[in-house]
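J.: Questions regarding the structure given below will be posed in turn.
Any read-out appearing in this document is the output of simple, stated calculations on the displayed coordinates, not a laboratory observation. Keep in mind the model is a prediction, meaning the values are calculated, not measured. Positions of Cβ are generated from backbone atoms using ideal geometry, with glycine treated the same way; all protein chains shown enter the neighbour counts.
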Amino acid sequence: MPALLVCLPERQLADLDRVRQIADGYDVVRAEGEAEIRPHLDEAEIVLGYLPPGLVSEAPKLQWIQSWSAGLDWLVEHEDFDPQAHPDLAVTSASGIHAVPIGEHVFAVLLALSRQIPRALRDQRDRRWGSDEDYEAAFEWLDKRLVMIGAGSIGERVIRLAGAFGMQSVAVRASGEETPGALRTVTPDHMAGELAEADAVVVALPLTDATYRMLDAQAFGAMKPGAVFVNVGRGETVDQYDLVEALRSGQVGAAAL
């Protein structure tokens, strides 16, 4: 019987029963880590989850890898994986399933910063009544401008939530395709002008050659001074050293990564 290899940690074993219910005709096997995975590679036709890239060539019957994550750079850009050597291998992602929790996380962060929640928690810990400076630092997002860089399912959700808070949003996406809820959508070559008007900049980009360190000193320098920066996409889309300098100078008011 062909094997369907499920790479799941023990804390998610309940999901394994659901896979078995729908995977008729497959021997559903759970494995985690290279040592557990390797014995099943000869019969594996499908892999759900993370398969160490170096093991792909050791699975002669492998037809499909379904990643748990939205991004696939962990596989397709890994030095141990040669896509030309596997022309018939289907590789799919979980893109789209994270829109609701990540969208809510973005606004949890934005609201924590605008309402000075970190300061309040420090004051509470230190048994100190907040100062006038603490109160004056708080602000509202109503009528503020949000620039959403990367307007896929997560970006569209963030823009929808921004509208509920009375914010105006501009989307930046490679295709330039119209984005629901956005005032307008621009391509990355027109991003700088939009950053100059942004009170909040949210990034939800995949990692590609085009997006690698896309948010660099030039981008941070183009932002409205004091803007809030949030990245919920791939880390390497941001030049972290340039971001640190922008935070130190006050060009970027706060950042959440």
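J.: Full extension from ARG20 to ALA196: what is 0.36 nm times the residue separation minus their Cα-Cα distance, to one decimal in nm?
T.: 58.2 nm
J.: Quick one: Kirkwood hydrodynamic radius for the range 93-243, alpha-carbon pairs, angstrom, one decimal?
T.: Here the Kirkwood hydrodynamic radius works out to 16.1 Å.
J.: Now a separate question. Between SER69 and MET1, what's the calculated FRET efficiency when r is the beta-carbon distance and R0 is 22 Å? Round to 0.05.
T.: Efficiency, from the Cβ-Cβ distance: 0.20.
J.: Something else now. Taking the chain as a Gaussian network, where each spring joins two C-alpha atoms under 10 Å apart, which residue of ILE102, ILE22, ILE149 fluctuates the most?
T.: Comparing ILE102, ILE22, ILE149 in the GNM, the peak value goes to ILE22.
J.: At 0.36 nm per residue, minus the direct Cα-Cα distance, what do ARG213 and LEU142 gain on full extension? Give it in nm, one decimal, please.
T.: Roughly 22.5 nm would be gained on extension.
J.: Tell me, in nm to one decimal, what length is gained between ALA112 and GLU34 on full extension, where the rule is 0.36 nm per residue of separation less the Cα-Cα distance?
T.: 24.1 nm
J.: Computed over the Cα atoms, what is the radius of gyration of the chain divided by 2.2 N^0.38 Å, N being its residue count?
T.: Against the compact-globule rule of thumb, the ratio is 1.22.
J.: So, with +1 on the Cβ of K and R and -1 on the Cβ of D and E, and no other charges, what is the size of the charge dipole of the range 64-139 about its Cα centre, to the nearest 20 debye?
T.: That gives the range 64-139 a dipole magnitude of about 620 debye.
J.: Further question: Can you give the % of DSSP beta bridges in the chain that are antiparallel, to the nearest 5?
T.: If we restrict to bridges inside the chain, about 0 percent are antiparallel.
J.: Now for a different question. What FRET efficiency, computed as 1/(1 + (r/R0)^6) with R0 = 45 Å and r the Cβ-Cβ distance, is obtained for SER249 and GLN124, rounded to the nearest 0.05?
T.: In this case the efficiency is close to 0.90.
J.: Could you check the simple spin-label distance between THR187 and ALA256, using points 7 Å along Cα→Cβ, in nm with one decimal?
T.: 3.2
J.: Okay, next question. Quick check on the chain: helices-only [θ] at 222 nm, where DSSP H runs of length 4 and up contribute -39,500 (n - 2.57) each and the sum goes over total residues. Nearest 500, please.
T.: -8500 deg cm²/dmol
J.: What ranking do 65-71, 82-88, 228-234, 244-250 get when scored by the average of other Cβ atoms within 10 Å per residue, highest first?
T.: Listed from highest to lowest mean packing, they are 228-234, 65-71, 244-250, 82-88.
J.: Who wins for biggest fluctuation among TRP129, TRP64, TRP74 in a Gaussian network model of the chain, springs between alpha carbons below 10 Å?
T.: Result: TRP129 has the largest fluctuation of those listed.
J.: Cα centroids of the range 109-145 and the range 25-43: how far apart, whole angstrom?
T.: With the range 109-145 and the range 25-43 each reduced to a Cα centre, they are spaced 50 Å.
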